[in-house]
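Trainee: Quick one: structure below, then a few questions.
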Amino acid sequence: SIRPGWFYHAKQDAQVKTVDQLLDIYYSSVGNGCNLLLNVPPDRRGRFHEVDCERLFGLKKVLDATFAKDLAQGKPVVASDLRGNDAKFSAKMLTDGNRLTYWAANDDVRACELTVDLETPTRLNRVRIQEHIQRGQRIDSFAVDARTNGTWKEIAAGTTIGVRKILRVPTVEADAIRLRIIESQACPTISTLELYVAPERQ
């Protein structure tokens, strides 16, 4: 709930969740492949209270600004493995802007790397990854690296990816991003590797 309880109480008008708290909820739900079902109770007028609306519009403003432009879209991608050397599974499917296309590895592959060349130093702090979920959730562990001044540094790591994983990472200026699939239950398939920069929060 956006408030301490399930229903509206005037005494809780100063306890409505902040935009930052709502962002935490967004990333822990939507960012982990779940739906976000946020309770917003109507007040005694049968309307959403002005404070609640202010916070919701604030959340939308931040999310719209964050995900306005995929910094990886159209950028070249190199994969350490390609299923059957078939172009329809090419690594470029990760950055083609179409979440229905996908890259795939060969049947016997359980670990591999995908590198997006950003071509110039690019400021970013959000990484969105999506498995081709129609083939099932396969990845058990992964890591994300950023290349700055010729040096690779790990900026995130996790276990499952599934339908969607949105990672909040420290702001970096990188000219390449690498996804390392460390362990997978079957040959991995990835639909997207998207990069964004969220606005600075005061």
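The values are calculated or read from the model by the stated rules, or taken from the named source; none is laboratory data. For clarity, every value in this text was computed on a predicted model and none was experimentally measured. Positions of Cβ are backbone-derived with ideal geometry, glycine not excepted, and every protein chain shown enters the neighbour counts. The accessibility values were calculated without ligands, DNA or RNA, using every heavy atom of the protein model including side chains. Shrake-Rupley method; radii C 1.70, N 1.55, O 1.52, S 1.80 Å.
Trainee: Name the residues in segment 157-191 that are closer than 17 Å to VAL78 by Cβ and either open to solvent by 50 Å² or more (accessible area, probe 1.4 Å) or not in a strand (DSSP E or B) (or both), would you?
Mentor: Answer for segment 157-191, where residues must be closer than 17 Å to VAL78 by Cβ and either open to solvent by 50 Å² or more (accessible area, probe 1.4 Å) or not in a strand (DSSP E or B) (or both): ARG180, PRO188.
Trainee: Regarding ALA157, is this residue over 17 Å from the mean Cα position of the chain (by Cα) and small (Gly, Ala, Ser)?
Mentor: Answer is no for this residue.
Trainee: Show the residue pairs that are 6+ apart or on different chains and have beta-carbon atoms under 7 Å apart, the first residue being within segment 95-110 and farther than 17 Å from ILE133 by Cβ, the second being part of a loop (DSSP other than H, G, I, E, B) and open to solvent by 60 Å² or more (accessible area, probe 1.4 Å).
Mentor: THR95/GLN73; THR95/GLY74; GLY97/GLN73
Trainee: Can I ask one more? Checking the condition open to solvent by 20 Å² or more (accessible area, probe 1.4 Å) and at negative phi, which residue from VAL116, VAL62, VAL51 passes?
Mentor: Answer to the check: VAL51.
Trainee: Output the residue which, of all residues in segment 65-87 that are touching a Leu at 6+ places or on another chain (Cβ under 6 Å) and among the small types (Gly, Ala, Ser), is least open to solvent (accessible area, probe 1.4 Å).
Mentor: Checked segment 65-87; the qualifying residue least open to solvent (accessible area, probe 1.4 Å) is ALA72.
Trainee: Limited to segment 145-186, what total is found for residues that are polar (S, T, N, Q) and closer than 21 Å to PRO121 by Cβ?
Mentor: Residues in segment 145-186 being polar (S, T, N, Q) and closer than 21 Å to PRO121 by Cβ: 4 in total.
Trainee: Applying the selection to segment 174-202, what residues are closer than 18 Å to PHE67 by Cα, out of contact with any His (no Cβ under 6 Å at 6 or more places or on another chain) and touching a residue at least 60 places away in the same chain (Cβ under 8 Å)?
Mentor: Matches in segment 174-202: ILE177, THR192, LEU193, GLU194, LEU195, TYR196, VAL197, ALA198, PRO199, ARG201.
Trainee: Within segment 18-43, which residues are more than 21 Å from ARG126 (Cβ to Cβ) and open to solvent by less than 70 Å² (accessible area, probe 1.4 Å)? Walk me through it before giving the result.
Mentor: Of all residues in segment 18-43, those more than 21 Å from ARG126 (Cβ to Cβ) come to 37, 39-43.
Those that are more than 21 Å from ARG126 (Cβ to Cβ) and open to solvent by less than 70 Å² (accessible area, probe 1.4 Å): ASN39, VAL40, PRO41, ASP43.
Trainee: Let me ask something additional. Does any residue in segment 152-173 that is closer than 20 Å to LEU71 by Cα come within less than 7 Å, Cβ to Cβ, of a residue that is open to solvent by 50 Å² or more (accessible area, probe 1.4 Å) and outside any strand (DSSP E or B) six or more places away or on a different chain, and which pairs are these?
Mentor: LYS165/ASN32
Trainee: Output yes when any residue across segment 94-108 is surrounded by fewer than 16 Cβ atoms within 10 Å (Cβ to Cβ) and outside any loop (DSSP other than H, G, I, E, B), and no when none is.
Mentor: No, segment 94-108 contains no residue that is surrounded by fewer than 16 Cβ atoms within 10 Å (Cβ to Cβ) and outside any loop (DSSP other than H, G, I, E, B).
Trainee: Still on this model: Could you tell me which numbered condition ARG128 fails, if it satisfies all but one of (1) open to solvent by less than 60 Å² (accessible area, probe 1.4 Å); (2) of a type outside the set (Gly, Ala, Ser); (3) assigned to a strand (DSSP E or B); (4) out of contact with any Ser or Thr (no Cβ under 7 Å at 6 or more places or on another chain)?
Mentor: Checking ARG128 against (1) open to solvent by less than 60 Å² (accessible area, probe 1.4 Å); (2) of a type outside the set (Gly, Ala, Ser); (3) assigned to a strand (DSSP E or B); (4) out of contact with any Ser or Thr (no Cβ under 7 Å at 6 or more places or on another chain), the one that fails is (4).
Trainee: In segment 131-156, what count of residues is obtained for those that are among the polar types (S, T, N, Q) and open to solvent by 70 Å² or more (accessible area, probe 1.4 Å)?
Mentor: Residues meeting the conditions: 4.
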